[in-house]
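Only one structure is covered here, and it is reproduced in the block below.
Laboratory data are not the source of any read-out in this text; all were calculated from the coordinates shown. Here the structure is a predicted model, which is why all the values come from computation and not from measurement. Neighbour counts run over all protein chains shown; Cβ positions are idealised from the backbone, glycine included.
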Amino acid sequence: MTSTPLDLDNIQGDILVGLLKNTETYYFFTIGDDVNAFRRQLSLVVPFVTSTTAAMSDRATVAQSKKEALAQGRKPPLIPVAGFNIAFSQPGLKKMGIVDDIGDDGFKKGQFADSQDLGDKGSTVNGKFVPDWIPAFKHAIDGVMILSGETQLSVDKTLAQVKAILRVGAHNATIHEVIKIVGVVRPGDQRAHEHFGFLDGISNPAVRGFDTEKPGQGQVDPGVILLGHDDTSRPAWAKDGSFLAFRYLFQLVPEFNLFLKQNPLRINNLTDEQGSELLGARLVGRWKSGAPVDLAPLADDPELGADPMRNNNFSYSFPNDFSTQTRCPFAAHLRKTNPRNDLFQIAGPKSVEPHRIIRRGIQFGPEVTPLEAHDNRTHLGRGLLFVCYQSVLSAGFQFLQKSWSNNRPFPPQKPQEPGIDPIIGQINPSDPNKVRSMSGTNPNLQDATLDLPTWVVPRGGEYFFSPSISTLRDTFALGAHIQ
Ligand code: HEM
């Protein structure tokens, strides 16, 4: 644990707090030929960056106004918030002449080169693996700007200001747009639910010395998320930065719903509809309301799902046996990506901590249309702009995807082989079994395995470094531009 308090004015706001958002735009760019011009203009962009302090204050303002409105029986007003963060890839750092070794091979290699090991589908072209990604992510991207706000208008306004500073579109542009992806939270009662319908963003670790830990949440040292805290091997400018793993994940929602409909769990006199809902909950590890199946194994419990003091307070050891799938399948998305007692029991209480990540991100794309629901087929792209922060990519995102989600025997030492994470698991290149499958979907037939279609399709991504604000200003940017 760091003894000095975290410098909240220095750490970008998305990392420890999260930018407040109804909508969030990811603007991916390359740096133009005149790199020094970019670095000069960057100094004028730095004041836009939302710090952790500012992100906390935005949250407090919105929470207070909500509280007041509810007390007075009014609808909470839309409070203007404009969030802005910026991060760079390895090619981006190199272009800026930042060449010190940042000490992370995953970051240095980039996600394109990692895609095969992540299990992304693709083909071999001239002896080289090329993932089935959209073209924008098959070329070098130097950086990403993240802009959030209460409305698209507010995001567009910030984007227009920043683009004007960087002269985007002009003959002397200092950056070029590669792709702009707009994320939007889902409407009405689906707010905070991802596109399959499950409440998301419940479980992130509490950072010691910063967050107050809620029951079952689990704590991490700041150095698990931020560079330059527990490690001495990183360059000084990396302190208070974090690696941002971005994944452009499309979700096949009608196809997911069809599978649940066709495979209802026929137990305990459940109706087919209830049996389908239970199957969905067992694939994720939570009901759509957020209630964990480890605590609510047979029926949803929306009050539990909505209660932050209870909805994370479980450890896969009920009643005191972590070797059954009665309550939660070993391969459920939640259990694969944070195995809790499954690992504590065999590897000690600190065994999961290095692998915790802080998840941000947002949904993209429209709601399922009546036609798609009728056809049971996706016609319009939708999914998750997945973002997570960690100080070591090979312990964080890469580890979760490759060594846990894609790895059939994980969690280890179980009576049945768990199988692949049904939500995000992909086939490792070395896996002789080319079918996504898992055991334990049916609590009464735990040995049985179920083959699973693919419902989450990666179409791009990159690893970025989200530097501290002082590093952006003093190391990445050049002295203020004089008109
Ligand atoms: C479209 C893709 C994805 C969907 C639909 C999805 C859905 C969900 C849902 C519904 C939850 C439960 C809410 C919560 O506990 O906060 C969750 C938790 C989680 N997901 Fe995902 N997820 C996706 C991608 C990923 C990826 C790519 C990773 C990392 C490789 C990941 C890692 C996690 C982790 C670490 C948790 C929290 C587990 C815990 O602490 O108990 N997810 N996800």
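Using the Cβ of G143 as centre and a radius below 15 Å, the other residues enclosed give a net charge of +1, where K and R count +1 and D and E count -1.
Rounded to the nearest 20, the Cβ-based charge dipole of the chain about its Cα centre (Lys and Arg +1, Asp and Glu -1) stands at 460 debye.
Less than 10 Å Cβ to Cβ from I469, Lys/Arg counted +1 and Asp/Glu -1: what total charge do the surrounding residues give? Around I469, the surrounding residues sum to -3. Between the alpha-carbon centers of segment 208-253 and segment 16-54, tell me the distance in whole angstrom. A separation of 19 Å, based on Cα centres.
Where q = 0.12 Å⁻¹, what log10 of I(q)/I(0) comes from the Debye formula for segment 167-222, counting one point per Cα? Per q value, in the given order, log10 I(q)/I(0) is -0.62. Summing +1 for each Lys or Arg and -1 for each Asp or Glu among the other residues whose beta-carbon sits under 9 angstrom from that of P76 gives +3.
For a straight C-alpha distance cut-off of 20 angstrom, the aspartates and glutamates reachable from K66 (same-chain residues fewer than eight places away being disregarded) are D58, E150, D189, D307. For R377, R186, the sequence from fewest to most other C-beta atoms within 10 Å is R377, R186. Charges on Cβ only, +1 for Lys and Arg, -1 for Asp and Glu, centred on the Cα centroid of the chain; of A164, N407, L227, which one is farthest towards the dipole's positive end? Result: A164, furthest along the dipole toward the positive end.
Please tell me which of these pairs span more than 24 angstrom C-alpha to C-alpha: K67/K214; K214/K336; K109/K350; K157/K180; K128/K180; K128/K434? Long pairs (Cα-Cα over 24 Å): K109/K350; K128/K180.
The share of C-alpha pairs in segment 1-142 whose separation exceeds 28 Å stands at 41 percent. For segment 353-400, the calculated P(r) over all alpha carbon pairs, in 10 Å bins from 0 to the bin holding the longest distance, is 25, 31, 21, 20, 4 percent. For V253, V435, the sequence from fewest to most other C-beta atoms within 10 Å is V435, V253. Each principal axis of segment 221-290 carries a Cα extent, and these read 61, 26, 18 Å when sorted largest first. Which aspartates and glutamates have a Cα lying under 13 Å from the Cα of K402, excluding residues fewer than 8 positions away in the same chain? Hits, sequence-local ones excluded: D114, D117, D120, D421, D431.
Could you work out how far the C-alpha centroid of segment 171-194 sits from that of segment 134-169, in angstrom? Taking the Cα centre of each part, segment 171-194 and segment 134-169 sit 9 Å apart. Note on the chain: Rg/Rh from Cα positions, Kirkwood definition for Rh, rounded to two decimals, is 0.96. Considering only C-alpha atoms, what is the centroid distance from segment 81-97 to segment 260-290, in Å? The distance from the Cα centre of segment 81-97 to that of segment 260-290 comes to 43 Å.
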